[in-house]
Amino acid sequence: MKYSEFTIEGRNAVIEAFRSGKTIDKIFILDGCRDGQVMTVVREAKKAGTIINYVDKERLDAMSKTGHHQGVIANAAAYEYAEIDDIFKAAEEKNEAPFIFILDGIEDPHNLGAIIRTANLCGAHGVIIPKRRAVGLTATVAKTSAGALNYTPVAKVTNIGNTIDELKKSGMWFVCADMGGTCMYNLDLKGPIGLVIGNEGEGVSRLVREKCDFIASIPMKGNIDSLNASVAAGVMAYEIVRQRMI
C-alpha cells in the first residue's frame, strides 16, 4: 500500500484521529494483538463503522513509513463522505431529475478520481461507492479528481444492491454497463437515473446487475473487447447527458 499523509500510524495517533471525528476508511491491526490500547482502537473503529483488517507483522512493516506503527495503521479519508440525502438535495436545488453514479467495486484510485471528475463535468449530482472491496477517498483519488471532490458529493454505503432497492422506492431507475446488453443508443436514458459501473476486471457483479432495469452495451469496433472503467463511465454518462438535453 502506498503511504500518503492520509495514513496514520501508531496506537495513540489512531485513537485521537477517531475521537477528533476524522473519517477513517480502514484500519490494519497486528493479528493476535489484544492489549488495552489496541482494543480501544477496535472499539472506536466499530463505533465509527470502519473496516478492520487483521494482518501479520510483515504486512504492517511493508506499509509503514515511520517504522513505529505499534501494530496499528489507519487509512484516513482525504475528504469527508456525504449522505445520499445530500445527493438528492443537490438535484433538488438545481430543479433536475437525479443523476447518480453508482460504482460497484472500483479498486484503482486513478479510476475513481477520473470517474468523480467525469461525474462533476457531466452534471451528475453525486457518486455512491461501497465500503468494502473498493477504494475510498484517498489522496490519489482527490488529486486525480482535479478538484471535483470539492463539488461532487460522494456517499459510502454498506451494500450496493440494497441501496439500489431503496433508491428505486424514490422513483429512480438504473442502467449498468455490460458487454452483453442492449446498445446504449437504443435505450431511453432520461429521467431520474443511476448509472452503475462495475469493477475494472469483473464488471458489474451478478447480484447488482440483476437489480438494474436496463443493461447497456457500448459499441465496440476494435480488436479488444472492453474499455477502461473510467472511460466506459464517461461514454455512458455523456449518452445520458445527450438524451437529457433533448
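When DSSP assigns beta bridges and you keep just the ones with both residues in the chain, what percent turn out antiparallel, to the nearest 5?
In the chain, approximately 25 percent of DSSP beta bridges are antiparallel ones.
To the nearest 10 degrees, how steep is helix 36-48 against the longest Cα principal axis of the chain, on a 0 to 90 scale?
Taking the Cα atoms of the chain, the angle to 36-48 is about 20 degrees.
Let me test this: with uniform point scatterers at the alpha carbons of the chain, what is the Debye-based log₁₀ I(q)/I(0) at q = 0.18 1/Å?
Cα-only, vacuum Debye calculation for the chain: -1.29.
Express the carbon and sulfur contribution to the solvent-accessible surface of the chain as a percent, rounded to the nearest whole number, probe 1.4 angstrom.
Result for the chain: 49 percent of the exposed heavy-atom area is carbon or sulfur.
Which entries in the list Lys169/Lys221; Lys46/Lys190; Lys94/Lys143; Lys46/Lys94; Lys94/Lys221 go over 31 Å, if you measure between the two C-alpha atoms of each? Don't skip to the end; give the middle numbers.
On the way: Lys169/Lys221 38 Å; Lys46/Lys190 40 Å; Lys94/Lys143 27 Å; Lys46/Lys94 37 Å; Lys94/Lys221 37 Å.
With Cα atoms farther than 31 Å apart: Lys169/Lys221; Lys46/Lys190; Lys46/Lys94; Lys94/Lys221.
Ratio of alpha-carbon Rg to the 2.2 N^0.38 Å globular estimate for the range 20-69, to two decimals, please.
1.15
Compute the acute angle (0 to 90°) between the alpha-carbon long axis of helix 229-245 and the principal axis of greatest extent of the alpha-carbon atoms of the chain; round to the nearest 10°.
40 degrees
Enter the angle in degrees (range 0 to 90, nearest 10) between the Cα long axis of helix 84-93 and the first principal axis of the Cα atoms of the chain, meaning the one along which they spread out most.
Helix 84-93 sits at roughly 40 degrees to that axis.
List the lysines whose alpha-carbon lies under 17 Å from that of Lys47, not counting same-chain residues fewer than 8 positions away?
The reachable lysines, counting only those whose Cα sits under 17 Å from Lys47, are Lys22, Lys26, Lys131, Lys156.
Using just the Cα positions, wrap the range 139-240 in a convex hull and report its mean projected area in square nanometres, one decimal place.
So the Cα hull casts an average projection of 7.7 nm².
Taking the Cα centre of the chain as the origin, how large is its charge dipole in debye, to the nearest 20, when only Lys and Arg (+1) and Asp and Glu (-1) carry charge on their Cβ atoms?
On the way: 29 positive and 30 negative charges, 49 e Å.
So the dipole magnitude of the chain works out to roughly 240 debye.
What are the ³J(HN,Hα) values, in whole Hz, obtained from phi via the Karplus relation 6.51 cos²θ - 1.76 cosθ + 1.60 with θ = phi - 60°, for each residue of the range 133-142 in sequence order, with x given for Gly and Pro?
3J(HN,Hα) across the range 133-142, in whole Hz: 6, 7, 6, x, 7, 7, 4, 5, 4, 4.
Compare the Cα positions of His68, Met184, Ala97 along the charge dipole of the chain (+1 at Cβ of Lys, Arg; -1 at Cβ of Asp, Glu; about the Cα centre) and return the one farthest towards the positive end.
Farthest towards the positive end: His68.
The values are calculated or read from the model by the stated rules, or taken from the named source; none is laboratory data. All of these numbers come straight from a predicted model, not from anything done at the bench. Using ideal geometry, Cβ is built from the backbone for each residue, glycine included, and neighbour counts are taken over all protein chains shown. The protein model used for the area step is the full one, side chains on, heavy atoms only, and it has no ligands, DNA or RNA in it. Shrake-Rupley method; radii C 1.70, N 1.55, O 1.52, S 1.80 Å.
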